Each structure stands twice: as C-alpha cells, then as structure tokens.
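What follows is one structure encoded as structure tokens, with my remarks underneath.
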Amino acid sequence: MTASRQGAPGFSLSRLADVILPKLVLAPTVLACLVGFYVFIGWTAWLSFTESRLLPRYEWAGFVQYVELFGNERWWGAMQNLGIFGGLFILVSLALGLLMAVLLDQKIRFEGAIRTLYLYPMALSFIVTGTAWKWILNPGLGLEKMAHDWGFTGVTFDWIINPDFAIYTVVIAGVWQSSGFVMALFLAGLRGVDDSIIKAAQMDGASLPTIYTRIIIPSLRPVFLSAFMILAHIAVKSFDLVMALTGGGPGFATDLPSIFMYQHGFTRGQLGLGAASAMMMLFTACAVVMPLLYSELRRERRG
Amino acid sequence: MGALSIRNVKKSFGNTHILKGIDLEIEKGQFLILVGPSGCGKSTLLNMIAGLDDITSGEIAIGDRVVNKLSPKDRDIAMVFQSYALYPNMTVRKNIAFGLDIRKVPKPEQEEIIARVAKTLQIEHLLDRKPMQLSGGQRQRVAMGRALARNPTLFLFDEPLSNLDAKLRVEMRSEIKLLHQRLGTTIVYVTHDQIEAMTLGDRIAVMKDGEVRQFGSPQQIYDAPADLYVAGFIGSPSMNFIPVQLREEDGHAVVELDNGRAVQKVRLSPISDSQRAFVGKQVVLGIRPEQLTDPESAHSEHGNLQTLQATVAITEPTGPDTLVTVTFNGIKTVARCHPRAAGAPGQQVELTLDPTKALLFDPTSEKRLA
Ligand SMILES: Nc1ncnc2c1ncn2[C@@H]1O[C@H](COP(=O)(O)OP(=O)(O)O)[C@@H](O)[C@H]1O
Ligand SMILES: [Mg+2]
C-alpha cells in the first residue's frame, strides 16, 4: 500500500523536481551569459554589416565597414601596437613572474611579506596603475626629474612623450601590474612539485639550474598555458591602462584596437566601423586561443 | 673496512635532536634494513647517507671514503623514493637516461644500459610512456630501473613498497630480494613493516626515537631481542608479555602463571647470573605465540615442554593456524594452535610452552635478562 503510494504520483513529482530544479537554479546565470555574451556578440556582428553611424541601423550593407577598416591606417597602427605591447607584455610578465617565483621558492626569509608585496599591484585597478605611472614617467615630475634633482643632469627618460618609445611605457606599467600575479601562479605550481623529485635529480647529479630548466619548469606547462591565457586576454582588452597612461598618444603612438573601437563606436559616430573592429578583435583572440586550447585538450584526452 | 660505516652520527634540527648517535657497519653486498615506527628518523638517516641532508656530527664512510663533505652526485649511490619521484615531463626512457646524460655517458652506451635495465625489470614496453600513464607497480619498476642504470656501489631504498597494494607488495618484495642476490650490490632499505624487514634483510637495525635499539641478523633479533620494544615490534602477532614473579628452583628459573582457576608452575631454562639478581622480584615473561601451542603441534629440541591449562576467550582462524586468546596472570595471551586443537570460547584447552624459547625482561629498564 505504502509502496504503491510512493511509487505513483509522489515518485514522479520528485523525479520531476530532480530534473527541473538544477536547470531552474542555473537558469539566471545561463540566461545572463547568453544575453550578455552571445546576444551582444551577435548584435555587434550584425551592426558590423550595416552602415550604422551615430545610431544603429539594421539594413544589410555587406562588407563595407570591413573594407573601410582594412583601408584605415590608424587601425593597422593600433594592431601593430597591440602586437608589440601584447608580445612584450606577455613575454616579460612570464619571464619576470617565473624568475621571481623561482627565487622566492628558495625557502628565503620574509617570503610571506615579499609575496604579498609582489601581489599588491594586482589589487589596483588599471586606471590607478596608469595614472601612477603617468606621473612616474613624466619627465617633468617623475624619474627624470628625480635624477636631475640628484645631480645626474645628463639623464633623459622621456619615453612617454616620445612617439617611438611610448608603447614601451605601456608595457612597463602592464608588466608592473601583472607580473606579481604571474609569480603567484608559478609559485603555486613550483610548490606542487614533489620534493623527492628534486632529491632524485640531485642524486642523478643535476645542478640546481639544470633541475629547474630540465625538470621543474617543463613540468609547469599547464601553468604556462593558464598564465598565457590570462595575460593574452588582459593584453587584448587593454583599454583603461592606456587611457590613463597616455590616452593613446602622443598622436596615435599608443593607440590600441580597443581604443580605436571605443572612439569610433561611441565618440566619433562610426558605430558600424567600431563594430567591425570589435569583430576583428574577437577573431584575433580566437585565432590565438583556439589552437592552444585545442592542442591542450587533445593532450589531456590522450592521457 | 665495511662497505658502509656510520659512526656516532647525530642529527638535530635546531633544538630537536632527531638522531642521537647512530653506529652501524655493514659489509659489501649486505642488505641492511632500517626498521622502526613512523617518525623515528629512518628517512633522515637515509638522506644523510645520500648526502641530501647534512650531518650534525659523526662520520659516514662509504667503502674507505668519508663522505660527510661530498655532494650526493659524488657518492656513487642511487636512491629509490617512496613516492617514486619520477620526472613527470619525461618518458620512462628519458627518466632512466637522465642521470647518464648528466654524467655524459655516450648515447650508444646509454641505449645499451636502458635496454639492459628495461629487460631486467620487464619494462621494455613502457619505455615511451610518461609516468602519468603508468600504474603504481609500473612506476615502482621504473624508479628501480633509474637507480639500476647508474650501477652504483650502494643502493638506498626509502619505503619503496609502501604505496603498493598488499599483493603487489609481496611480489615486488621477492623481486627485490632476487635482484639483490643477482647483482650483489650493497643495499640500505628503509621500512616500517617488520615483515619486509625480516624477509629482506641480512642485517636489521631496529630504530626508535632516533636510536638504534638493536642491530643484528634477522634471526638474532627474532630469537634474542635486546629489549621489550624490539621484542614487541618484530613478529606478528606480537610477543606476549606476562608479568610474573621470578623464583629459583634447582638452578632453574621458575615462574607462576594463573589461568583464573589455578596457579601453574612453569620451569624455564637454567637461571643466568643476570636473572638471579631478579629472584623474588617482578619480571616480564616474553613468549611468542608460536611457542605457546597445542600438544599435538608442539615440538622441542630439548624435549622438556611444559604443559599449561587455560580457558579460551577468543579464536581467530588464519587458515593454517588458529590464534587462540587465553588469559595468564590477568593478561590476554595469544597462542598459535592447530585449527583442530583450537577449542571454542569458554572451553578448557591444554597448551604447551617451550621453556628454552621463553624470555625474561627487566620491567624498569625494559632490557632482556640474558
Ligand atoms: N626539516 C626538518 N625540520 C624539523 N624536523 C624534521 C625535519 N625533517 C624531519 N623532521 C622530524 O624528524 C623526525 C624523523 O623524520 P623521518 O626521518 O622522516 O622519520 P621516518 O622514520 O618516518 O622516516 C620526525 O619527527 C620529523 O618531524
Ligand atoms: Mg620516512
């Protein structure tokens, strides 16, 4: 009797709840993700195929915006800057982060304090970093003035107002902000390495540098990948840092695709062109990240 | 001059004294076991032999070279770790070759060594895999292969089998023994498992709290343990310790065992001088379960077996024997009986005791009264 009562409607109801409840709980997130992400990507994609200027228009116009974009010298300058900034920013952050992590891994004193110190920049927003470095690098205010005040009047450090070097100041500020975080990633990876592996390598006769270069660092491959992904996406979406530091100048010397997109889309009444540049940024990011993800997933499946 | 000499070696971390003066010496080709409970300093001692930890005081010599100041790579030793410590980013082949590579062994020779080692350990089919893709037992073999490839004068093993399941452990144990017999290399082997210690070792050092409690052959340690700790640690099930009062009769040591109904007199071996000093005092009688058995299974080289009556409390069949728990002088005592003679709980059984094998210990110093 009880069994049949449990078996029929009550049972199916709880089954129903089992099926529906998780979906119900996840629904807001999924919905927000769908709308916030894919709907707007779709919308931007659509706008990039229209002649929208100040306001969105939805008549199909083919590839005109892309044609205009590819003929735009400022766009190629921005892309080139992104290449220089992104490449150097990722490379230097990885190298510096790894170096700091390896040094910090030598069981030194005050490790906790130093680690926190290295991590602090990450707690600042890029606006603050950009503004602070704008002052530090300003020849009349910062490092150069300090050197002059100390009597080293021959010192010139005016990269930030030199169109040929301004992009490197963005790299400096970006690296300062992010390398501490990269260090934390690597340090966690290094701490995960079994102590006896190092002992075994010592018994095999390997020196400490050999142990790091041939065993420990190669086994940090997944950390490299994560760090690269994070740095790459910071580089591609870099906007606030440059706005605060140089505002894209002098001239267009530190212009980046994100600034190009923002200015055309929102301040210059070229919504269609802005949308086209946004789509190109998306494709660039995909072109970098997809092969990496794909090869890593394949490695994992192979075991 | 032995193959390995450890002379009054001490180790302290700050104010904690981990090793309190270790003295050990073994000959070339011997298999030394360091056995003791977790935390007694076995790994620390092994790491000091390896050169991975420095020596606070004392001297370690391998062959006739004092190695205190030598770095691990110059000591001509190889080590197998409990966690295997394989290089995760390298294939099995590269793992084995790494040490050879560092030592600049020419490639063709490396290939030869890898082939030989892989054949010895039957890991030829695994050479191109990464450690991640191996089972525990396979990793164990690779770790041994890496040590073998170097052909050192001394092998160190730190609990190499403790991460394996029971069946594999027994298999690998006999393989290690076979390997030792074939290669004849000197081995220092750390374990907390007394069965591993007994089955593998030529010489066993039983350690406790940073001291060697006894150093000797497995049989010496089994038959004549130096103190209560060693007696209880070696052997499974452990030795029974029964508090008794010692008496002397016609030059023999005599004790009394109370089974709860009657007090029975037990005549042991002729009394020794050190035992005579304890006549009239409390001592601890040590009897191994297999020396307390049913009359049918009993045998003695000397013939004068002592018969005891006891009441069965619990029986635990192990297959070939049944462990029978009885009570003497209020202490649970285990006897190893033939399954047919084991009786049932509550029943009265007759047990025989081999008086020549019974041991007496000083309850305060815990030393055996020889
Ligand atoms: N670097 C260290 N600093 C302080 N104490 C240590 C250190 N290494 C080991 N010890 C202590 O030394 C004792 C012996 O450790 P170990 O040799 O690993 O024991 P085991 O016999 O289990 O191998 C333990 O109590 C451990 O806590
Ligand atoms: Mg240990």
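Rounded to the nearest 20, the size of the Cβ-charge dipole of chain A about its Cα centre is 1000 debye, with Lys and Arg at +1 and Asp and Glu at -1. For the pair B:Asp250 and B:Glu111, label points projected 7 Å from Cα toward Cβ lie 8.0 nm apart. Distance from the alpha carbon centroid of region B:231-280 to that of region A:110-165 works out to 85 angstrom.
In plain terms, the bigger the Kirkwood radius, the slower the diffusion; for the protein assembly as shown, with that radius from Cα pairs, at 4 °C and 1.567 mPa s, Stokes-Einstein puts D at 40 µm²/s. The alpha carbon radius of gyration of region B:4-226, expressed as a multiple of 2.2 N^0.38 Å, is 1.01. In whole angstrom, region B:230-292 maps to an equivalent ellipsoid with semi-axes of 21, 16, 10, each derived as √(5λ) from the alpha carbon gyration tensor and ordered largest first.
Evaluated over the Cα positions of region B:240-361, the convex hull gives a direction-averaged projected area, one quarter of its surface, of 7.1 nm². Buried between A and B is an accessible area of approximately 1800 Å², summed over both sides with a 1.4 Å probe.
Full extension of the chain between A:Trp76 and A:Leu297 yields a length gain of 76.2 nm, computed as 0.36 nm times the residue separation minus the alpha carbon distance. Solvent exposure of B:Thr318, expressed as accessible area, is near 70 Å², computed with a probe of 1.4 Å over the protein chains only. Modelled spin labels at B:Ser238 and A:Phe110, positioned 7 Å past Cα toward Cβ, are 5.0 nm from each other. The Cβ shell under 14 Å around B:Gly286 holds other residues with a net charge of -2, Lys and Arg each +1, Asp and Glu each -1.
From the protein chains alone at 1.4 Å, what is the descending order of accessible area for A:Leu271, A:Leu13, A:Leu34, largest first? Write out the running numbers ahead of the final one.
On the way: A:Leu271 30, A:Leu13 120, A:Leu34 85 Å².
Greatest to least solvent exposure: A:Leu13, A:Leu34, A:Leu271.
Just the protein heavy atoms count here, and of the accessible area of region A:71-302 at 1.4 Å, carbon and sulfur take up 68 percent. In summary, region A:241-286 shows an alpha-carbon radius of gyration equal to 1.16 times the 2.2 N^0.38 Å reference for compact globular proteins. Solvent-accessible surface (1.4 Å probe) assigned to A:Tyr262 amounts to roughly 90 Å². How large is the accessible surface of B:His192 in square angstrom, using a 1.4 angstrom probe and rounding to the nearest 10? Number for this one is 90 Å².
Taken as Cα centroids, region A:247-303 and region B:328-370 sit 83 Å apart, rounded to the nearest whole angstrom.
Pick out, in residue order, every one of the trypsin sites (Lys or Arg not before Pro) in region B:187-273 that is DSSP loop and has at most 16 other C-beta atoms within 10 Å; say none if there are none.
Passing sites in region B:187-273 are B:Arg261.
Summed over the residues of chain B and divided among them, the accessible surface reaches 44 Å² per residue at a probe radius of 1.4 Å. List the pairs from B:Lys167/B:Lys332; B:Lys11/B:Lys69; B:Lys42/B:Lys208 whose alpha-carbon separation is above 20 Å, in the order I gave them. Beyond 20 Å: B:Lys167/B:Lys332. Quick check: Cα centre of region B:64-127 to Cα centre of region B:173-198, how many Å? What the calculation gives is 19 Å, centre to centre.
Where in chain B lies the longest segment free of GluC sites (Glu not before Pro) that are both loop residues by DSSP (not H, G, I, E, B) and have at most 16 other Cβ atoms within 10 Å?
B:28-295
Note: relative contact order over chain B, using C-alpha pairs below 8 Å and six or more positions apart, is 15 percent.
The values are calculated or read from the model by the stated rules, or taken from the named source; none is laboratory data. Model, not experiment: these values are computed from the prediction. Virtual Cβ from ideal backbone geometry, glycine too; neighbours counted across all protein chains shown. For accessibility, only protein heavy atoms count, side chains too; no ligands or nucleic acids. Shrake-Rupley method; radii C 1.70, N 1.55, O 1.52, S 1.80 Å.
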